[in-house]
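The structure under discussion appears below in the form of structure tokens.
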Amino acid sequence: MKHLKTLLIGFLFISLNTLAQEQKEETTLDSVQDLSEVIIKSHVILGNKHVAKNRTGSAYYLSSEELKKYNYTNINRVLASVPGVNLVEEDGFGLRPNISLRGTSPERSAKISLMEDGVLIAPAPYSASSAYYFPSVARMEAIEILKGSSQVQYGPFTTGGAINMVSSSIPDSFSGNISGSYGSFNTQQWHASVGDSKNLIGYQIEYLNYNSDGFKFLPNQSNTGFDKNDFMAKFRVNTPKDAKIQQAVELKFQYSDEVSNETYLGLTDADFSNSPFDRYAGSQKDKMTNDHLQFMVSHDLNFSENIKLVTKGYYNSFSRNWYKLNDVTANGDKVGIADIVEQPEAYSAHYNLITGSLSSTSDDYLAVKANNRDYISKGVQTKLDYHYTIGNTFHDLEIGARYHYDEEDRYQWVDKYGIYDQTMVLENAGVPGTDANRISSAKAFAAFAMYKLKFNNWTIAPGIRYENIELMRSDYGKNDVSRIGTVLSNRDNQVDVFIPGIGVNYKFNNQMSLFGGIHKGFSPPGNEPGQKPEESLNYELGGRFNFMNISGEVVGFYNQYNNLLGSDSAASGGTGSLDQFNAGEVNVYGLEVLLNYDLLRNNANWNLPIALGYTFTDTEFLTSFDSDEGIWGEVTEDDEIPYISKHQANASMTLENKHFLLALNGRYNGAFRTVAGTGDIPANQKVDGNIVVDFSGKYFATKYLALTGRIINLLDNTYAVSRTPAGLRPGHPFGIYGGIELQF
């Protein structure tokens with residue numbers, strides 16, 4: 001609390017000092033009291049930067065222009081510029097990111113509400129929220145990040161916030177693009193789209209392929225990369241523009257498939273120091289295969305300029321099998337891969353087997369688990385907006401509801417391999433269903449109401465959310481592979497919760513506003529009977545300003561957990577059961593700063609905008625416990641949450657005119673601990689801080705043709721990004737890419 005008070009006092013000093021120095025003349029900034037600005041669409045949270053900067057809570061909108069500036073295909077690099085976002089990389093390409101908002105656990109982005117076009121997109125958001133599927137950022141036209149107060153519209157995860165990825169919209173007229181790039185590690189990306197709108201119909205068709213040979217090396221020279229295809233189509237039917245009541249129905253279809261030669265097996269400290277991009281021979285069979293299917297139908301109904309109803313039905317299915325080394329048996333002693341790479345001297349025989357330096361005998365084998373799972377997520381959601389103005393007072397009421405069902409079906413097995421001269425040979429094929437054979441599911445009804453009042457310089461936005469969730473599990477057991485039900489074990493858990501929140505914004509003038517709020521944080525529990533949900537009380541106080549042409553935002557936040565939930569995830573070094581456990585009371589607090597300035601603001605032909613971002617996050621367990629699971633370990637009061645960097649910073653600079661664009665981006669990710677603790681971080685529980693610089697350029701040859709270039713990790717720094725799931729793994733090395741873009 002002492003640090004929190006210092007933080008908030010410092011923030012208030014900055015805000016008041018900014019107010020005292022601000023210029024009194026009007027600027028070109030949109031007024032935060034633009035009462036006519038109301039955006040309610042079925043696929044967006046914010047819709048544009050104007051709405052983001054005027055929200056009563058902290059929000060950020062990454063526009064299409066910003067996404068195109070660096071041509072990033074990795075969501076980690078896209079989000080690195082947003083204060084309050086903590087990222088833990090894993091594969092170097094962003095295939096399965098680990099995203100944290102304001103100190104939530106980053107494991108598989110499981111503690112934030114992930115959406116595409118306003119619909120929950122994690123494979124099973126309620127029953128198994130780990131996001132093993134993540135949409136391709138290269139086909140998105142915008143990304144919206146909502147943090148802090150007044151986020152009761154979006155759930156079920158309300159502690160850290162929500163991220164919504166907005167897919168390509170149907171264009172107003174005939175247009176399209178074809179682009180391609182090629183570069184290091186035989187990495188390629190091909191993207192094509194075409195769309196059009198007429199009086200009563202519109203369509204958009206899009207295809208994306210992204211593939212690479214990978215930047216890691218196996219002893220047998222096998223491919224360590226991936227190949228991902230993504231197809232999307234939208235079709236819209238709408239009423240004539242002169243119809244008294246405007247309506248539109250949009251159908252969306254999306255399909256993607258992926259084959260990636262990814263592993264959970266990292267390196268020991270010594271091996272990472274000697275050759276960080278090597279992979280052990282024992283991971284040569286590791287492979288993720290998956291496919292994702294989505295159907296959506298949206299109905300927009302405008303009764304008048306003041307009343308609008310949007311409804312969406314959705315169906316998502318996701319099937320994946322991550323076939324990967326799980327444990328090793330040497331001389332009859334079975335040990336998990338995380339323990340082997342953490343203590344190679346203690347398990348020297350096991351270590352020699354996974355490196356291939358020792359051939360296996362009849363008592364030795366490498367167990368490769370087929371983590372085979374099928375997911376379904378489906379539902380219907382609707383929201384009604386009614387807004388009106390009386391005098392100089394603006395009223396806006398938004399009411400929404402969603403019925404949702406999802407499930408995770410685990411049907412897994414283990415194959416046993418011998419290894420001879422660094423080559424793995426199948427010795428004993430497992431029987432499907434004999435490792436995990438169960439279905440976890442959830443039924444959820446959610447509703448919310450949010451009221452916004454704007455009067456003079458004040459905006460007040462109270463709201464409340466309701467979640468009714470039934471979580472179930474049917475375990476058929478390892479001996480009933482036909483699922484007859486002879487030893488069927490069922491369990492269920494229910495939760496009924498109200499989630500209130502309120503946000504307030506006060507506009508001093510067009511150059512300065514102060515906002516703050518308080519809301520309840522919530523995450524669903526597991527299906528173990530009687531398990532309580534994760535709950536917290538979250539505060540924020542912030543200000544937005546523009547003086548001397550420097551614009552920005554400063555926000556202080558404080559999240560007070562009364563029951564933090566941990567999860568036994570294989571991605572965090574656990575067993576992979578996904579059973580949740582109580583981690584007790586925790587405090588998380590921090591500071592977010594964002595500054596923008598154009599060095600050539602008075603030049604008619606050139607722009608040189610710079611942006612600086614900084615995030616400070618501190619965490620503290622208030623109770624002691626021993627989880628024996630994954631990254632939590634044995635926790636003592638005052639310990640810090642692992643995998644959260646205290647300090648993060650990002651800086652970007654772009655030189656642009658009508659002929660070309662040059663962009664430089666650098667980010668600093670501070671050191672973080674990998675096991676809960678306090679004080680100096682032990683070397684074997686630490687991931688060092690790093691600085692990574694990226695560069696991109698674009699030359700506009702004609703109105704329709706552009707040449708592109710991009711350098712990832714310009715300084716060619718070698719750095720570790722994580723110690724989970726099992727051992728150190730490197731970030732993306734120096735890579736250079738060139739391409740072409742054709743628009744029509």
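A few points about this structure:
- Mean-position separation - Cα centroids, the range 384-431 and the range 274-306, in angstrom: 9
- Helix 2-21 axis versus longest C-alpha principal axis of the chain: approximately 30°, rounded to the nearest ten.
- Computed packing ranks the peptides 212-224, 518-530 as 518-530, 212-224, most packed first, by mean other Cβ atoms within 10 Å.
- The alpha carbons of the chain occupy a box of 84, 59, 57 Å along the principal axes, longest dimension given first.
- What the chain shows is 39 Å² of accessible area per residue, with the surface traced by a 1.4 Å probe over protein heavy atoms.
- Carbon plus sulfur fraction of accessible area for the range 121-219, probe 1.4 Å, in percent: 58
- Computed over the range 454-521, Kirkwood Rh from alpha-carbon pairs, angstrom: 16.5
- Nonpolar atom fraction for the range 352-452, defined as the carbon and sulfur part of the 1.4 Å probe accessible area, stands at 56 percent.
- Between the range 343-362 and the range 169-213, the alpha-carbon centres lie 48 Å apart.
- Per-residue SASA entry for H43, accessible area with 1.4 Å probe, Å² rounded to 10: 50
- The packing ranking, built from the mean of other Cβ atoms within 10 Å per residue, places the peptides 423-435, 711-723 in the order 711-723, 423-435, highest first.
- Average Cα contact separation per residue, the range 223-295, under 8 Å, 6 or more apart, as relative contact order %: 35
- Between the range 494-532 and the range 115-154, the alpha-carbon center distance in angstrom: 17
- The modelled label-to-label distance between L599 and V297, using points 7 Å beyond Cα along the C-beta direction, is 5.5 nm.
- For T104, net neighbour charge (Lys/Arg +1, Asp/Glu -1) across residues whose Cβ lies under 11 Å away: +1
- Cβ crowding within 10 Å averaged over residues, with 679-692, 348-361 ranked highest first: 348-361, 679-692
- Local electrostatic count, K416, Cβ distance below 13 Å [Lys/Arg +1, Asp/Glu -1]: -3
- Theoretical gain in end-to-end length, W190 to K646 [0.36 nm per residue, Cα-Cα removed]: 160.4 nm
- Ellipticity estimate at 222 nm from DSSP helix runs (n ≥ 4, -39,500 (n - 2.57)) divided over the chain, nearest 500: -2000 deg cm²/dmol
The values are calculated or read from the model by the stated rules, or taken from the named source; none is laboratory data. Model, not experiment: these values are computed from the prediction. All Cβ positions, even for glycine, are placed from backbone atoms using ideal geometry, and neighbour counts span all protein chains on display. Please note that ligands, DNA and RNA were not included when accessible areas were found on the heavy atoms of the full protein model with its side chains. Shrake-Rupley method; radii C 1.70, N 1.55, O 1.52, S 1.80 Å.
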